[in-house]
Amino acid sequence: MIRMIKKEIKELNNSEIGNEVAIMGKVIRKAPLKKPQIVTLSDGTSSIDVVSFSNNLEEIGEGDFIKAVGMVKENKGNIELKEKKIEEIKGDERDKIEKKINKIKKKERRINKGDFLIESEKLEAMREGFEKCASEIKRMIMEGHPVLVRHHADCDGYCAAMSLERAILPLIESKHRSKISALRYYRRAPSRTPFYDYSDAVRDITMINRDKDRVGDKETLLIITDMGSSAQSLLSIKKAKLYGCKIVIIDHHAASEEEDKAIKEIADIHLNPHTYGFDSNLTAGMLGAEVARMINKKVGNIELLPGLSGIADRSECEEMDRYLQLAKADGYDEEYLRKLAMVIDFETYHMRYMESREMTADLLGKNRERQDEMVKIVYPELEKMMEEHTESAIHYMQEIEKNGNKIGIINIKEASSIGYPGAGKIVGSVFSKLSEKGFLSVLGEGDGSVIFRISHNTDVTLSKIMNKLKREFPFAMISGGGHDKAGTIRFLSAEQSKIRDANIDEFTR
Ligand SMILES: [Mn+2]
């Protein structure tokens, strides 16, 4: 006769390998295999795969409560139970286990409602939104749903995603009690576009469907950050929802009232400072770090990220100053952050669609030594490269001065080359130089597109220009957007020259 020792599932670690134990819990998943039969059993404290080579799990389905007696084994780094006997549990005993599971679940889902990383009235005003967002993310993780973080592939987007990643991965590992689970249940995907492009959505859904044989047929938590607030993301979000994704958007991009309404209708959570009457100066990296702290109080190594994101996105606000202090206390001064932001931009440009989990983590402070080395090696080269591109672009730039107002127009096709730095970077860099000399705007003109960088010394904003163009050229298919003072507008090149004149007029009236 087997001597069974009743155990909680969380107690089954390496030291129990080879022991006979009895566990009780709820079947949360049944693998679609004939042999061996595998079910995942949870008792609230943790979960484990119960494996049967003798068809003892034939009658057992998801949602059943069972007692499993067997031997603790290790398989590819995971602890599992090779069963010898299975018994279904019913009645009072079942209710008792269910109660216990629910109690633990409730506790697991709890979020950290403590202070924000910095003192801020704006963040406090957004608190309810933050808590809703954090609760939903935590609930999904603790219920064992797979997570996909889609983020804009710029420094701000990476900062936001990395904060979340640093909070989410330990939760997933503890939830599933294995290192492999961090690879199974979590993915991060950078997006070149500042919106959720339809082809990215199709890619994501393909991956999600493919992953189902590893994680089961569960809803995926899709967190979209530093993008996703504009109408350009709408169809993609609808498609992802159609395939069973929960959509959480953490973004700081401005959108029109109409767009905002449409996004809020379809997304499960939409956290954006504009909803509260604030602006893009609260970056996605700042929002992401605060959400990260709420879902995981013990999250480490994120103090750098909000300040870094603010530098990259040129944030100017009280909160920014405080986040910079936070980074400084962690050993990062502003000058270093500026260099690091440029290096990250360069590195991530070359990562393209790859997740590059380790490299990204190092760049964002996991390995400080390597981070330092990267800045030392790459930054001087970058500085030189940017300087050359900027000077050339200025050389070929058309300067327009009217009524005492000055703007510059760069012909992208003529004055930028393929590869790094991209046109947006060059226009931004030229603008940084020329705004000091009184330029109100620098435009990067392409075929059917204009990149805008706009001075704070004028009340012209991108949305104002968009609205005007839409009115004046109703058939030119005006689209695009971004922030108030930086972004891209697209249109049919049939109206190229007229739109050009309208833009010049807007700044030089
Ligand atoms: Mn951003």
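Residue 184 to residue 403: extension gain in nm, 0.36 nm per residue of separation minus the Cα-Cα distance?
Full-extension gain reported as 72.8 nm.
For the stretch 397-508, max minus min Cα coordinate along each principal axis, in Å, sorted largest first?
36, 35, 23
Got a sec? Charge dipole of the chain, +1 on Cβ for Lys and Arg, -1 for Asp and Glu; which of 172, 349, 78 is way out at the positive end?
78
Output the Cα-based Rg and Dmax of the stretch 266-411 in Å, rounding Rg to one decimal and Dmax to a whole number.
Just the Cα atoms of the stretch 266-411 yield Rg and Dmax of 18.3, 57 Å.
What's the FRET efficiency of residue 274 with residue 55 using the Cβ-Cβ distance as r and R₀ = 51 Å, to the nearest 0.05?
Approximately 0.30, to the nearest 0.05.
Ranked highest first by the average count of other Cβ atoms within 10 Å around their residues, in what order do 47-55, 279-287 fall?
The packing order, highest mean first, is 279-287, 47-55.
Can you tell me the alpha carbon radius of gyration of the chain divided by the globular rule-of-thumb value 2.2 N^0.38 Å?
Taking N as the residue count of the chain, the ratio is 1.12.
For a quick check: with amide H placed at 1.01 Å from N, whose amide H comes under 5 Å from residue 64's, ignoring anything fewer than 5 positions away on the same chain?
27
Hey, what D do you get for the stretch 123-201 in µm²/s if you plug the Kirkwood alpha-carbon radius into Stokes-Einstein at 37 °C and 0.692 mPa s?
239 µm²/s
Once phi is turned into θ = phi - 60°, what whole-Hz ³J(HN,Hα) does the Karplus curve with 6.51, -1.76 and 1.60 give for every residue of the stretch 282-295, x standing for Gly and Pro?
7, 6, 4, x, 5, 4, x, 5, 5, 5, 4, 5, 6, 7
Does the stretch 5-108 come out rounded, prolate or oblate by the C-alpha gyration tensor, with a ≥ b ≥ c the root eigenvalues, rounded set by a/c under 1.5 and, if not, prolate when a/b is larger than b/c and oblate if not?
oblate
Could you order peptides 12-21, 430-439 by the average number of other Cβ atoms within 10 Å of their residues, highest first?
Those peptides, ordered most packed to least, come out 430-439, 12-21.
How many angstrom lie between the C-alpha centres of the stretch 371-404 and the stretch 194-238?
Each part's Cα centre sits 35 Å from the other's.
Show me the ranking of peptides 157-165, 179-187, 348-356 by mean Cβ neighbours inside 10 Å, starting with the highest.
So the order, starting with the most tightly packed, is 157-165, 179-187, 348-356.
Throughout, read-outs are computed from the coordinates displayed, never taken from laboratory work. Owing to the predicted nature of the structure, the values given are computational and were not obtained by experimental measurement. Cβ coordinates were reconstructed from backbone atoms using ideal geometry, including for glycine residues, and neighbour counts include every protein chain displayed.
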